[in-house]
Amino acid sequence: MSRHSDQPALQPESIAAVRSRRAHSVKWQRYPVDIVPTWVADMDFPPPQRALESGIELLRNGDTGYPSSDLAAKYEAAYREWSLQSFGTQPHPLRTVADVVAALRIVVMALTDPGAGVIVLTPSYPPFFSVVKDAQRQLVQVPMRRVDQSYTIDTDLLAKAAEDQQTQAIILCNPQNPTGRVFTKTELADIAQIADREGLTVIADEIHQDLVNRNFTHIPFTSLDNESASRAVVLSSPSKSFNIAGLKVAHIELPTDRAQRARLETSPLLALSQATPIGLIVGAQAYETERDWLDEVRDIIDDNFAVVQKSFAGQDLVSFTHREGTYLLWGHLNQLPAGQSAYEFLLDRARIGVGPGEDYLPGSPEFFRLNLAAWPSTVTALVERINDAFGTL
Ligand SMILES: Cc1ncc(COP(=O)(O)O)c(C=O)c1O
């Protein structure tokens, strides 16, 4: 693998070493030391050093006052080039913000009316539920279909939900958290056609866009030819790709449709979320120079998924979805111990802290989510612990 010579390759760490380095991490500090955490979606790998250095230099210079607009411009230029190289598309003009969830709140409130229906495909990243409810919009859950260890969009159900006069928007997560789907062009075109027909705003959260399995391709929603693509709002961030969620940088791709864009740009809510200077400078640097780092990380993640799939092949206690993107693995315990959810069983008997299925798919305690952006030795420990727990059934 080609690497810049001045950049150290990623050095594997033990579970104890990651825990001690991540002294202020919610993922690593929530549970006692004998539990291996595999829940919140950040990586166990240190972010790319050169990108961090640009932030360290800003701190060293004490350049920590109000930022000039050149930082956001630098970030936007770096992201344009990144997007062109990664997906062959020019993103729509950007607005930088602190994070994707804040951006989602802003966009839902700016582009839908109070009481409007907002569609969320389930299972879903839990904040989608709370953002819609907090905004006092109606949460319209459209379940995806689980077929052969994968999920597909039920276009009939989606069309029916979209037809409702109250429905104004759909929040699309692609690549999808937690199912790991990377939607195909046909699936995206189906969504776009429904949105065209019903005049819906598509709000596409593409934060996992850079973390797809090598055999799959991420297609930005705005690359479609549909009218709804020009009215769509895409949200993304370098935070997942480069493990910098705490630095607070993300962006909104503004719609190119003039009326829709004016509606968003004139919203006073837009001013409520600002990227930090350190986030902008580290994010821009990462987009400029850290593709090799990301490639290395993607290889580790792809290998981790292969290890887990292989380790649990040919047994019927647990099944996992086929992951196409994200570093998250959506699992299903086929045999639940009496009175326990999968989350409780795995915490209690395997001593691992997973994402509880109920958070993503209310009423489904048999599901759970693993985070495989971890060192291979950690993934081996997760597999061993799950197998040991099955031995107690
Ligand atoms: C789909 C999705 N959107 C948004 C976020 C959070 O992004 P941010 O920290 O920028 O709010 C996550 C984090 O796990 C996510 O999976």
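Computed from point charges on the beta carbon alone (+1 for Lys and Arg, -1 for Asp and Glu), the dipole magnitude for segment 54-289 about its Cα centre is near 340 Debye. Figure note: Thr321, Thr64 ranked by solvent-accessible area, largest first, 1.4 Å probe, ligands and nucleic acids not counted: Thr64, Thr321. Using a probe radius of 1.4 angstrom, the carbon and sulfur fraction of the accessible surface of the chain is 51%. Look at the dipole of segment 54-289 built from charges on Cβ: of Pro67, Ala78, Ser267, the Cα furthest out on the positive end belongs to Pro67.
Ordered from largest to smallest accessible area (heavy atoms of protein chains, 1.4 Å probe), the residues Ser20, Ser14, Ser241, Ser230 come out as Ser20, Ser14, Ser230, Ser241. Dividing the alpha-carbon Rg of segment 54-289 by 2.2 N^0.38 Å yields what? So the Cα radius of gyration is 1.00 times the expected 2.2 N^0.38 Å.
Given Ala135, Ala313, Ile219, which one lies farthest toward the positive end of the charge dipole of the chain, if we put +1 on the Cβ of every Lys and Arg and -1 on the Cβ of every Asp and Glu? Towards the positive end, the residue furthest out is Ala135. FRET efficiency for the Arg258 to Leu84 pair, using the beta carbon distance and R₀ = 22 Å, is estimated at 0.35. Size descriptor for segment 139-229, Kirkwood hydrodynamic radius: 13.6 Å (Cα pairs only, one decimal). Spread over its residues, the convex hull of the C-alpha atoms of segment 257-355 is 231 Å³ per residue. Mean sequence separation of contacting Cα pairs (under 8 Å, at least six apart), scaled by the length of segment 98-186, corresponds to a relative contact order of 31 percent. What helices does the chain have that are whole DSSP H segments, at least 15 Å long along their own axis by Cα, and with mean Kyte-Doolittle hydropathy of 1.0 or more? Span-like helices here: 100-111. With both labels modelled 7 Å from their Cα along Cα-to-Cβ, the His322 to His24 distance reads 4.3 nm.
Given 0.36 nm per residue, what is the gain on full extension from Ser267 to Gln136 after removing their alpha carbon distance, in nm?
Details: separation 131, 0.36 × 131 = 47.16 nm, distance 1.73 nm.
Going from the current span to full extension adds 45.4 nm.
Can you figure out the FRET efficiency of Asp225 with Asn61, using R₀ = 51 Å and their beta-carbon distance, to the nearest 0.05?
Values: r = 46 Å, r/R0 = 0.91.
Result of the calculation: an efficiency of 0.65.
In this label model, Asp388 and Thr289 are separated by 4.3 nm, measuring between points 7 Å along each Cα→Cβ vector.
Over segment 227-361, Cα pairs under 8 Å with separation of 6+ residues give a relative contact order of 14 percent. Extension gain, Ala9 to Ala77: 0.36 nm times the residue separation minus the Cα-Cα distance gives 21.8 nm. Each DSSP beta bridge with both residues in segment 54-289 is either parallel or antiparallel, and the antiparallel ones are about 35%.
Based on Cα contacts under 8 Å between residues 6+ apart, the chain shows a relative contact order of 23 percent.
Take each peptide in 255-261, 173-179, count the other Cβ atoms within 10 Å of every residue, and average; sorted highest first, the result is 173-179, 255-261. Here r is the Cβ-Cβ distance between Asp303 and Val33 and R0 is 30 Å; the resulting FRET efficiency, rounded to 0.05, is 0.70.
The values are calculated or read from the model by the stated rules, or taken from the named source; none is laboratory data. None of the values given here were measured: they were computed from a predicted structure. In this analysis, Cβ positions are derived from the backbone assuming ideal geometry, glycine residues included, and neighbour counts consider all displayed protein chains. For the accessible areas, the whole protein counts, side chains as well, though only heavy atoms, and no ligand, DNA or RNA atoms are used. Shrake-Rupley method; radii C 1.70, N 1.55, O 1.52, S 1.80 Å.
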